[in-house]
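First comes the structure, then the notes that go with it.
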Amino acid sequence: MGRRVPLLATLVLAAYFGTLAILAGASAHRLLLAVRSFRARGRRLSPIAPVAEAHWPRVVVQLPLYNERFVAERAIDAAAALGYPHDRLEIQVLDDSTDETVAIVARAVARWAGEGITIRHLRRPDRVGFKAGALAQGLAATSAELVAIFDADFSPSPSFLRAAVATLLSDPGLGLVQARWAHANAAASWLTRVQALLLEAHFRIEHRGRD
């Protein structure tokens, strides 16, 4: 018994200092990202010469949904309102829902199709691969050159797609544009305030610092 106590104490101390070392390393990494983010403020990609709309790439917007009855129509409306040439834009609503979302999506798709928007309501007999499987099915059904993916709770501004495509066109070496989020209800409660604060730190520090 006398030998076990020092061994236990050693293990506890090792775990304690090991945890401190991990936390110190993580803190140093966050500090490095913060410094890089501060230095990168105001940096912009070089502007490019205007490109005629007829020569802009074709874009497919993918909206993967699963039982999102509260936000499905809003997401579809936002996608349909994107200020991108309609002859260059296709919207795929990848709907794996099993509830009333299906009917909500069908009505919204029919409404926008009647307005001249190229939009499709794609359903699968199963959920193989879940969201990734739905996205893959959508890619197999389009010949668009660029893909924009929005979750069901996203409401992109009308100018988003033009800005994202312009950024891609500004540098032939770019293959992906990831944008920051804004918040529709940041001030609704203390919980949404905390969530917004954490996400702002992620986009303002981590994204810019890693870039």
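The values are calculated or read from the model by the stated rules, or taken from the named source; none is laboratory data. Treat the numbers as computed from the prediction; the structure is a model and nothing was measured. Neighbour counts run over all protein chains shown; Cβ positions are idealised from the backbone, glycine included. Ligands, DNA and RNA are excluded from the accessible area calculation, which covers all protein heavy atoms including side chains. Shrake-Rupley method; radii C 1.70, N 1.55, O 1.52, S 1.80 Å.
The table below lists the values:
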{"item": "Complete set of residues in the range 52-73 that are among the hydrophobic types (A, V, I, L, M, F, W, C), open to solvent by less than 60 Å² (accessible area, probe 1.4 Å) and within 16 Å of L146 (Cα to Cα)", "result": "W56, V59, V60, V61, L63"}
{"item": "Which listed residue, of L174, L197, L169, is of a type outside the set (S, T, Y) and surrounded by 15 or more Cβ atoms within 10 Å (Cβ to Cβ)", "result": "L169"}
{"item": "Selection status of I76, surrounded by 14 or more Cβ atoms within 10 Å (Cβ to Cβ) and touching an Asp or Glu at 6+ places or on another chain (Cβ under 9 Å)", "result": "no"}
{"item": "Lone qualifier among G129, G133 - being surrounded by 12 or more Cβ atoms within 10 Å (Cβ to Cβ), touching a Lys or Arg at 6+ places or on another chain (Cβ under 8 Å) and free of Cβ contacts under 8 Å to residues at least 24 places away in the same chain", "result": "G133"}
{"item": "Helices (runs of 4 or more DSSP H) (entirely within the range 97-211) containing at least 3 residues that are small (G, A, S) and within 16 Å of L63 (Cα to Cα)", "result": "101-114, 130-140"}
{"item": "Residues being at pLDDT 95 or above and of a type in the set (A, V, I, L, M) - total across the range 147-167", "result": "3"}
{"item": "Every residue from the range 151-196 that is aromatic (F, W, Y) and closer than 27 Å to V93 by Cβ", "result": "F154, F160, W181"}
{"item": "Yes/no for G116 being touching a Pro at 6+ places or on another chain (Cβ under 9 Å), surrounded by fewer than 17 Cβ atoms within 10 Å (Cβ to Cβ), over 23 Å from A132 (Cα atoms) and not hydrophobic (A, V, I, L, M, F, W, C)", "result": "no"}
{"item": "P47 being in a helix (DSSP H, G or I), of a type outside the set (A, V, I, L, M, F, W, C), modelled with pLDDT under 80 and exposed (fewer than 10 other Cβ atoms within 10 Å of the Cβ)", "result": "no"}
{"item": "Filter result (more than 23 Å from A132 (Cβ to Cβ) and either outside any helix (DSSP H, G or I) or modelled with pLDDT of 95 or more (or both)) within the range 71-88", "result": "E73, R74, D77, A80, A81, L82, G83, Y84, P85"}
{"item": "Sole residue being more than 29 Å from V165 (Cα to Cα), of a type in the set (A, V, I, L, M) and touching a strand residue (DSSP E or B) at 6+ places or on another chain (Cβ under 7 Å), chosen from V109, V60, V102, V93", "result": "V102"}
